[in-house]
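No value in this document is a laboratory result; all are computed from the given coordinates. The model shown is predicted, which means the values in this text are computed figures rather than measured ones. Backbone-built Cβ (ideal geometry, glycine too); neighbour counts: all protein chains shown.
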Amino acid sequence: MTTFWSTYISVLTIGSLIGLTWLLLATRKGQSNNTTDETMGHSFDGIEEYDNPLPKWWFWLFVGTLVFSVGYLILYPGLGNWKGILPGYENGWTGANEWQKEMDKADARFGPIFAKYAAMPVEEVAKDPQALKMGSRLFASNCSVCHGSDAKGAFGFPNLTDSDWRWGGDPETIKTTIMGGRHGVMPAWAEVIGDQGVADVAAFVV
């Protein structure tokens, strides 16, 4: 963002906050806290507006939103090129930075687990209860749409629970099918669920 537009946005935002604060305090000043029966002199559909001050709870709610907005603009980017000072974000908070932070946290937590299974043959992975649980969840999230939650398939989609395999039912062939898909109707899943996901789903299907 250029310096001009950064300055323009900052001045407009800060000016609006100052203007709203002045308007709120100016209309509040000199008003009596006592309610009256006087109206504003107009009505709509039989409803009249009384000439009474803004209720205290409403006034302080308005003040609270102004205070919150100041804190928000300090912590988060909202004033042109200002990146904010939110702890944990060296380059300021953005949706992309938030996503990357969550991904780094997930990689640190699950990376060693995936690395362990990636180094194991599919036959060994198929004997691991934790790997089977992971494969079951991946299957339910990605494969069950076509093959069904019970893996028994549907019209036009193969049953994975019987002994009839069109492309072969050995572990490595199943892994190849998941990674590259088949030219029939099954798409490739390697880039979607990753190498470890392929091994887990293959182990679950086996």
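Couple of notes before you dig in:
- Between region 115-192 and region 35-111, the alpha-carbon center distance in angstrom: 47
- Simple Cβ-charge dipole of the chain, Lys/Arg +1 and Asp/Glu -1, about Cα centre, in debye nearest 20: 460
- Calculated FRET efficiency for the pair CYS146/ALA106, C-beta based, R₀ 22 Å, to 0.05: 0.25
- Cα-based helix-to-principal-axis angle, 95-118 vs the chain, degrees rounded to 10: 20
- Between 0 and 90°, nearest 10: helix 171-180 axis offset from the chain longest Cα axis: 40
- Taking every DSSP helix (H) stretch of at least 4 residues in the chain, weighting each as -39,500 (n - 2.57) and dividing the sum by the residue count yields a mean residue ellipticity at 222 nm of -18000 deg cm²/dmol.
- Across the options THR173, ALA151, PRO187, the greatest Cα extent toward the positive end of the charge dipole of the chain (unit charges at beta carbon of Lys, Arg, Asp, Glu) belongs to THR173.
- For the chain, the longest principal axis of the C-alpha atoms and the axis of helix 190-205 are separated by about 50°.
- Among the chymotrypsin sites (Phe, Trp or Tyr not before Pro) in region 51-130, those located in a DSSP loop and surrounded by at most 16 other Cβ atoms within 10 Å of their own Cβ are TRP82.
- Cα lying deepest toward the dipole's positive end in the chain, options GLN100, GLY64, PHE139, charges on Cβ: GLN100
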